[in-house]
Amino acid sequence: MRFVRQDQAPLPELQTPLTTSGQASQQEDERKAFAQAAQKELDKLRSVISELKARAESANLQTKARPGEEVEKLETELRESQQHLMALKSATVESWNQLKESFGKSLEKLKNGIDNFRKNAA
């Protein structure tokens, strides 16, 4: 029980609750779930690039150079996306959104590269 002097108004209650460990835990769970889903997507794209690489290697010598170069570029973009994801996994709360956006751009660039390769190979 709180005692209040007659001439003094009671102290106001906090209007916004402080972050609890439950909320922090929920944010951490969401971040882990995002990172796991992102890793699965990168693994799937890695598989696609491996298939494209195998096709490029089996192509005849006249067309082999260009597809091979394009596959190497895709592999580089995949490595960059993986690096962005690794940074995202170890991000602080403050840097999470910025790194998440950076990873998203990197992933989109990789997907566009794969789509362009498929269009040009067809």
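All of the numbers you see were taken from the coordinates with simple rules; none came from a lab. Source: prediction; values computed, not measured. No Cβ is skipped: glycine too gets one built from the backbone with ideal geometry, and neighbour counts run over all protein chains shown.
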**Request:** Counting only C-alpha contacts under 8 Å and six or more residues apart, can you give the relative contact order of the stretch 31-121 as a whole percent?
**Result:** 32 percent
**Prompt:** Using Cα-only point scatterers and the Debye equation, what is log10 of I(q)/I(0) for the stretch 31-121 at each q in 0.24 Å⁻¹, rounded to two decimals?
**Reply:** -1.12
**Request:** Could you work out how far apart the two model spin labels at residue 29 and residue 76 are, taking each label as a point 7 Å from the Cα in the direction of the beta carbon, and quote it in nm?
**Result:** 4.2 nm
**Asked** Which entries in 32/111; 32/100; 44/73; 40/105; 40/109; 53/100 show an alpha-carbon gap greater than 19 Å?
**Response** 32/111; 53/100
**Fill in**
Cα extents of the stretch 71-122 along the principal axes, largest first, in whole Å, come to 44, 16, 10
